[in-house]
């Protein structure tokens, strides 16, 4: 082949080279339309409000490439559906054109729990709405912070500000109900553990204030109370009264203290007849 070419004149080789170049260029341009689907167009189907997996399957079967561009949650639309598409439905585009989908996520996103303690009930509700949360149960607790949020609960348990919860979760609030204008006897806490005392005080709407420890106590909840303020009786032995919402201080130690039972409130006496003495019979009246 090489000898054949070298035996030909330069002019003949130039003509042959020109013919080959022309043939290659012609084949390239003739095949370009087939390679690029020149003249082949498709109509984009509508996939808005369609489940994402079904929308992707439909577009790929029609010859489109699919790219999901965003999944920001919109609470006005169902989960896992197509919100918008580009190109829009019924647009005429070339085969293998990419369709971009804006979708709603598969599950609800997480949001940050705001701090509600100390806020008024109205501001707390507004804060919940801004955080895409909703108000659950509302309970009142005797407290001088009337109308203010005392505790925030999620599924019945306290939740700390900054924790993550699902969008739309219900948050329950414990709100101060004010201090009732009633007086109750100061509860006896001596000999009780701190944990038991908390239950007693909460039942009466009283707030535990200072906890003063005698010595090194590692387990405060199970330490014993040996002194309280106010006490149950004054120096004359009369009962001392307290109002719900007020505070009490306690002093604790590791060992259970010895309690003088004579200082404790007397239990209620049942109406009973003296032993071995029959009950008095009702007097019969003559007719």
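The values are calculated or read from the model by the stated rules, or taken from the named source; none is laboratory data. Since this is a predicted model, take the numbers as computed values, not measurements. As a convention, Cβ positions derive from the backbone with ideal geometry for all residues, glycine included, and neighbour counts pool all protein chains shown.
When you scan the range 8-63, how many residues do you find that are modelled with pLDDT of 70 or more and outside any helix (DSSP H, G or I)?
Residues that pass the stated criteria total 13.
Return the residues of the range 198-222 that are assigned to a strand (DSSP E or B) and over 30 Å from residue 140 (Cβ atoms); say none if nothing qualifies.
Within the range 198-222, 212, 213 meet the criteria.
Within the range 100-111, is even one residue touching a helix residue (DSSP H, G or I) at 6+ places or on another chain (Cβ under 6 Å) and buried (at least 16 other Cβ atoms within 10 Å of the Cβ)? Steps first, answer last, please.
First pass over the range 100-111, keeping only residues touching a helix residue (DSSP H, G or I) at 6+ places or on another chain (Cβ under 6 Å): 103.
Those left that are additionally buried (at least 16 other Cβ atoms within 10 Å of the Cβ): 103.
Scanning the range 100-111 turns up at least one residue that is touching a helix residue (DSSP H, G or I) at 6+ places or on another chain (Cβ under 6 Å) and buried (at least 16 other Cβ atoms within 10 Å of the Cβ).
What do you reckon, is residue 67 at pLDDT 90 or above, loosely packed, with under 12 Cβ neighbours inside 10 Å and not in a loop (DSSP other than H, G, I, E, B)?
Numbers: at pLDDT 90 or above: yes; loosely packed, with under 12 Cβ neighbours inside 10 Å: yes; not in a loop (DSSP other than H, G, I, E, B): yes.
Yes; evaluated as a whole, the condition is true for this residue.
I'd like to know if the range 78-93 contains one or more residues that are modelled with pLDDT under 90 and part of a strand (DSSP E or B).
Yes, the range 78-93 has at least one match.
Pick from 66, 93: which is in the same structural domain as residue 45 (by TED's automatic domain parsing) and in contact with a helix residue (DSSP H, G or I) (Cβ under 7 Å, 6 or more places away or on another chain)?
Values: 93 fails: in contact with a helix residue (DSSP H, G or I) (Cβ under 7 Å, 6 or more places away or on another chain).
That would be 66, the only listed residue that is in the same structural domain as residue 45 (by TED's automatic domain parsing) and in contact with a helix residue (DSSP H, G or I) (Cβ under 7 Å, 6 or more places away or on another chain).
Tell me which strands (runs of 3 or more DSSP E) are completely within the range 123-197 and hold 2 or more residues being crowded, with 18+ Cβ neighbours inside 10 Å, or say none if there are none. Give the derivation first.
On the way: elements: 134-141, 149-154, 164-166, 170-176.
Result: 149-154, 170-176.
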